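The values are calculated or read from the model by the stated rules, or taken from the named source; none is laboratory data. Just so it is clear, the model here is predicted, and its values are computed rather than measured. As a convention, Cβ positions derive from the backbone with ideal geometry for all residues, glycine included, and neighbour counts pool all protein chains shown.
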Amino acid sequence: MKRPHWVPEGTDQDTPNVARVYDCYLGGSHNFAADREMARKAIEMWPDLPRIMRANRAFLRRAVQYLAGEGCTRFLDIGSGIPTFGAVHEVAREVRPDARVVYVDIDPVAVAHSRLMLRDDPLCEVVRADMRDPEGLLAEPAVAALLRPGEPVGVLLVAVLHFVTDEEDPGRIVRVLHDEVPPGSALVLSHASSEGRPDQAEGHQELYRRTPTPLTMRSRADITALFDGFVPVEPGVVFLPEWHPERLETVGPHPELTTGLAGVGRRP
């Protein structure tokens, strides 16, 4: 069978990959049978997973559109996975055709796919780096160039900090980024929360303990504290569907069922 254009040569198609499984949840096509089987098993244990992932992706889209509408043309997407199905550069360029994006991920499979997919895009770069080493991430040439003074940047930490343990200190990661981004930059953050469905929080975390990426759900107060040093954009830290919904009816009667909180903050 002919290898798809987005698949690097030598790719292991028999071992599930977290970035491609995420693509399955979104209803995308950048995945293999092994990824779809893993997604199927996860959904059996947590039926709301696709809805949660899509709500998170919809928040990402709205936040990027908001920042692009405010004049932002530079985006740093940390923990980006595979840039497909509403990727940041596509969303931003609906508003700002000159938008530049640096995608960052630690997963070599996601990075390899991303580099192949974006190899003909001069305004996008892909970096392999670990957000738990923010100093090293910021030292990457592509990232350093994006953060040059005078150019506000939208820093995206969307559905990634819940994979950082308390011992690894997610707050420190954000503080380092805050101190290095130019004034006027913005932090876009979403995070799994124990407050949406407290009755199911432990079961959800137990599911992820079986994977290489255990999940730490946090409270609204803990997630709000991650915005320290940033001025919150109204309505602050809210459940995913509640942040700047396109229509009020899309929020629904139970936005907490997405079990995720999100917000955007500006660096003074």
Go through region 247-259 and report how many residues are in a loop (DSSP other than H, G, I, E, B), surrounded by fewer than 18 Cβ atoms within 10 Å (Cβ to Cβ) and touching a helix residue (DSSP H, G or I) at 6+ places or on another chain (Cβ under 7 Å). 2
State whether the residues of region 77-94 include one that is in a strand (DSSP E or B), crowded, with 19+ Cβ neighbours inside 10 Å and not hydroxyl-bearing (Ser, Thr, Tyr). yes
If the requirement is being touching a Lys or Arg at 6+ places or on another chain (Cβ under 7 Å), farther than 25 Å from Ala92 by Cα and at pLDDT below 95, which of these qualifies: Glu195, Glu202? Glu195
Spot the failing condition for Gly184; the list is (1) assigned to a loop (DSSP other than H, G, I, E, B); (2) under 18 Å from Leu257 (Cα atoms); (3) modelled with pLDDT of 95 or more; (4) of a type outside the set (Ser, Thr, Tyr), and only one is missed. (2)
Out of region 215-246, which residues are on the phi < 0 side of the Ramachandran plot, touching a His at 6+ places or on another chain (Cβ under 6 Å) and part of a loop (DSSP other than H, G, I, E, B)? Leu215, Thr216
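Residue-by-condition table, conditions (1) at pLDDT 90 or above; (2) of a type in the set (A, V, I, L, M); (3) more than 16 Å from the chain's Cα centre (by Cα):
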{"residue": "Pro235", "(1), (2), (3)": "yes, no, yes"}
{"residue": "Gly252", "(1), (2), (3)": "no, no, yes"}
{"residue": "Pro255", "(1), (2), (3)": "no, no, yes"}
{"residue": "Thr259", "(1), (2), (3)": "no, no, no"}
Six or more apart or on different chains, Cβ under 8 Å: which pairs go from a residue in region 111-124 that's within 18 Å of Val18 (Cα to Cα) to one that's of a type in the set (A, V, I, L, M, F, W, C) and outside any loop (DSSP other than H, G, I, E, B)? Could you list them? Val111/Val126; Val111/Val127; His113/Ala19; Ser114/Val126; Arg115/Val126
Asn31 being among the polar types (S, T, N, Q) and under 22 Å from Pro245 (Cα atoms): no
Take the residues in region 18-66 that are surrounded by fewer than 19 Cβ atoms within 10 Å (Cβ to Cβ) and among the acidic types (Asp, Glu), then tell me which one is modelled with the highest pLDDT. Glu37
Restricting to region 144-180, count the residues that are in contact with a Lys or Arg (Cβ under 9 Å, 6 or more places away or on another chain), under 16 Å from Arg220 (Cα atoms) and at pLDDT 95 or above. 3
With the checklist (1) touching a Leu at 6+ places or on another chain (Cβ under 8 Å); (2) without any contact (Cβ under 8 Å) to a residue 60 or more places away in the chain; (3) within 14 Å of Pro170 (Cβ to Cβ) in hand, flag the one item Leu261 doesn't pass. (2)
Just to verify a result, which residue in region 115-162, among those that are in a strand (DSSP E or B) and not aliphatic (A, V, I, L, M), is surrounded by the fewest Cβ atoms within 10 Å (Cβ to Cβ)? Arg128
